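These notes are about the structure you will find just below.
Readers should treat all values here as calculations from the given coordinates under stated rules, not as data from a laboratory. Quick caveat: nothing in here was measured; it's all calculated off a predicted structure. Don't worry about glycine lacking a Cβ; one is built from the backbone with ideal geometry, like all the others, and counts go over all protein chains shown.
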Amino acid sequence: MNFKRTLFWVLTGLNLLVIQSCTAQTPSSEQIRKPNILWITFEDISPHLSMYGDSTAQTPVFDKMAEESMVFANAFTTVGVCAPSRSSIITGMHPVSIGTQHMRTGKDVMGWGRREYEQNTNRRDIEGNMVPRYSAVIPPQVRPFTEYLRAEGYYTTNNPKTDYQFAAPVTAWDENGRDAHWSGRAQGQPFFSVFNLNVTHESRIWKNKDLPLTVDPDSVPLPAYFPDNPVVRRDVARQYSNIELLDQQVGEILNELQEDGLLDETIIFFYSDHGGALPRGKRDIHDSGLKVPFMIRFPDGRQTGFTDELISFVDLAPTTLSLAGIKPPEYMQGHAFLGQYKVSDPRSYVYGSSDRFDEVTDMRRAVRDKRFLYIRNFYPSLPAYKDLSYRKQVPMMKTLLELRQEDQLTEYERRWFESPKAEEELYDTKTDPDNIHNLADDASYSEKLSELRNELEDWQKRIGDKGFIPETEMLENMWPEGQQPETNKPVFKQEGNKITLSSSTKGAEIAFIVSDKELNPTLDSGWKLYTEPFELSEGDIVYAIANRIGYRDSKIVEFDYE
């Protein structure tokens with residue numbers, strides 16, 4: 001391996017701090033007072049809702065929630081596509097700093113064999129090498145933030161999407177799947193629950209084609225980079241119609257919370273995982289791909305109204321911990337913007353990245369303050385448009401390509417396809433919300449250009465941006481010689497009736513089950529997170545499994561207490 005890249009990996013490892021151990025607790029009177037927290041997340045929506053000034057879709061549920069919530073005008077994901085974005089949400093880390101930036105690494109399962117690993121794909125890294133499936137191996141101290149909640153007595157559920165670029169470990173959730181729900185918790189136990197709604201996903205532009213449109217195509221607004229075409233208008237109307245369906249689904253969850261008597265005991269987050277589903281939205285690094293709708297409703301009606309504070313998706317994990325009264329671990333790159341551990345200084349900048357999307361690779365980085373967006377294109381010879389087979393299923397994508405071929409696009413409409421693209425881009429998002437007027441060559445903006453350029457470079461150094469390493473080389477460090485590493489199995493240590501569990505794999509977490517009868521446990525068997533020694537009674541049987549993110553799970557081991 002190249003010496004400089006080897007040094008990069010060593011320095012990156014040294015810069016990551018070691019996590020503190022969690023302490024297991026059962027629900028106590030103190031913990032019962034901890035707030036319930038509910039995330040209602042939805043897919044592929046830019047801020048095209050009435051509280052942001054776009055009333056095209058009729059959304060009475062969202063409208064009411066906006067009146068009762070904090071509405072964030074400057075909320076941004078880290079990557080304009082789901083899996084890398086979700087990796088930052090669950091870890092509080094920038095994807096380019098932990099090796100989860102490429103979309104997508106593999107299936108959301110663990111334990112592929114060598115045969116599956118070696119299967120050819122049409123995905124290539126920036127040097128043209130074939131990229132096989134893999135599960136990203138992230139730094140050993142980084143873990144799902146939900147484990148900290150579990151260690152403090154929270155009941156955690158996820159329904160149903162994970163898509164983190166690595167398989168969700170059994171230590172992350174009490175329940176993870178289509179039936180996961182806060183109702184499974186113990187009486188008085190606080191919960192953290194996530195519901196992921198996909199009715200607005202990109203695929204629903206074509207999968208919902210037989211549903212009636214509830215928004216008139218002739219009435220929809222079009223950005224400057226879309227041609228005014230019947231197919232385009234219909235797809236835009238379909239997305240707005242899907243938003244109206246989403247509003248109904250959100251209402252159903254809130255009604256259920258109300259029926260359970262929990263609406264006024266729960267902090268509720270509402271947000272999209274990245275920007276809009278249509279071309280030049282999802283996967284893009286402009287505001288159309290990174291800027292999202294985001295609201296938080298508190299049960300006591302406090303902190304309502306708009307805020308222009310900048311927040312990034314790396315901030316969601318530490319903020320949720322802070323709201324639960326848990327100090328965020330120091331390694332997290334995000335910071336808490338609410339709660340007990342809210343930072344004193346708000347953000348001045350947020351950052352975005354763009355690397356491989358399915359079969360097409362590029363490298364772009366962005367930094368944004370409250371008004372200006374700066375983009376650096378590391379491969380300007382490549383067009384901003386990515387010729388992705390998945391996106392070509394959107395009907396308007398075929399129309400755009402045909403109009404391009406016929407030279408029927410205007411300057412702003414065809415710029416997405418042009419090659420080379422500018423090495424640097426600078427936009428005044430206040431006067432140019434569509435980000436179509438590049439100010440990088442305008443001398444009157446040279447000071448702002450220099451400020452954001454330097455800030456981006458400093459950020460890349462601070463976090464150890466892995467985009468400079470070809471994906472196949474990064475993968476070789478994760479899976480040496482193409483072999484997925486395996487977590488060493490848990491070891492039992494008995495002192496009287498007290499049992500201690502450990503694994504020799506650095507960064508491993510352990511889950512366990514205690515039963516008074518023989519079981520045949522699976523990954524869906526209701527594992528508990530191990531955090532401290534526990535006592536057994538005569539006849540108890542303990543099952544334990546160890547995992548490290550990106551590694552193959554250990555074998556399940558059994559211990560009989562006599």
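Region 280-297 and region 383-404 have Cα centres lying 20 Å from one another.
Tell me, how many Å apart are the Cα centres for region 188-211 and for region 324-352? Each part's Cα centre sits 27 Å from the other's.
Once you sort the root eigenvalues of the Cα gyration tensor of region 219-360 as a ≥ b ≥ c, which label holds: rounded (a/c under 1.5), prolate (a/b larger than b/c) or oblate (the other case)? In terms of gyration-tensor shape, oblate. Shape class of the chain from the Cα gyration tensor (axes a ≥ b ≥ c, square roots of the eigenvalues): prolate, since a/c reaches 1.5 or more and a/b is larger than b/c. As a proxy for reagent exposure, ranking V542, V350 by other Cβ atoms within 10 Å from fewest up yields V542, V350. Based only on Cα atoms, what Rg/Rh ratio does region 363-491 have, Rh being taken as Kirkwood's radius? Result: Rg/Rh = 1.10. Once a ≥ b ≥ c are taken as the square roots of the eigenvalues of the Cα gyration tensor of region 491-560, is the result rounded (a/c under 1.5), prolate (a/b larger than b/c) or oblate (a/b not larger than b/c)? Here region 491-560 falls in the oblate category. Ordering Y154, Y427 by the number of other Cβ atoms within 10 Å of each residue's own Cβ, fewest first, gives Y427, Y154. Cross-link partners for K517 among the aspartates and glutamates, with Cα-Cα distance under 14 Å and sequence neighbours closer than 8 places in the same chain left out: E538, D540, E558, D560, E562.
Where in region 206-222 does the label zone of L401 land, with the point 7 angstrom along Cα→C-beta and an amide N cut-off under 19 Å? Once the point is set 7 Å along Cα→Cβ of L401, 206-207 turn out to lie under 19 Å by backbone N, inside region 206-222. Helix 395-405 axis versus longest C-alpha principal axis of the chain: approximately 40°, rounded to the nearest ten.
How much FRET efficiency would the formula 1/(1 + (r/R0)^6) give for D458 and E259, where r is the Cβ-Cβ distance and R0 is 60 Å, rounded to 0.05? About 0.75, to the nearest 0.05.
Stokes-Einstein D for region 168-232 at 10 °C, 1.306 mPa s, Kirkwood Rh over Cα pairs, in µm²/s? Once the numbers are plugged in, D ends up at 97 µm²/s. Treating the angle as unsigned and between 0 and 90°, give the value, to the nearest 10°, between the Cα long axis of helix 446-463 and the longest Cα principal axis of the chain. The helix 446-463 is inclined about 20 degrees to the chain. Annotation for region 313-372: trypsin sites (Lys or Arg not before Pro) lying in DSSP loop with at most 14 further Cβ atoms inside 10 Å of their Cβ are K342, R371. Shown here for region 473-540: trypsin sites (Lys or Arg not before Pro) in loop regions (DSSP other than H, G, I, E, B) with at most 12 other Cβ atoms within 10 Å, namely K506, K517. In sequence order, region 418-435 has phi-based couplings of 6, 9, x, 9, 5, 5, 10, 10, 9, 10, 8, 6, 6, 8, 9, x, 7, 6 Hz under the Karplus curve 6.51 cos²θ - 1.76 cosθ + 1.60, θ = phi - 60°, and Gly or Pro positions carry x. Compute the angle between helix 230-259 and the longest alpha-carbon principal axis of the chain, please, reported from 0 to 90 degrees and rounded to the nearest 10. For helix 230-259, the angle is close to 30 degrees. Amide H contacts of V81: R283, each under 5 Å away and 5 or more positions distant or on a separate chain (H built 1.01 Å from N in the peptide plane; Pro and chain starts excluded). Restricting region 316-407 to GluC sites (Glu not before Pro) that sit in a DSSP loop and have at most 14 other Cβ atoms within 10 Å of their own Cβ leaves E330, E406.
The fewest-to-most ranking of H181, H94, H201 by surrounding Cβ atoms within 10 Å reads H181, H201, H94. Each label was represented as a point 7 Å from its Cα along the Cα-to-Cβ direction; for D432 and K64 these points are 4.2 nm apart.
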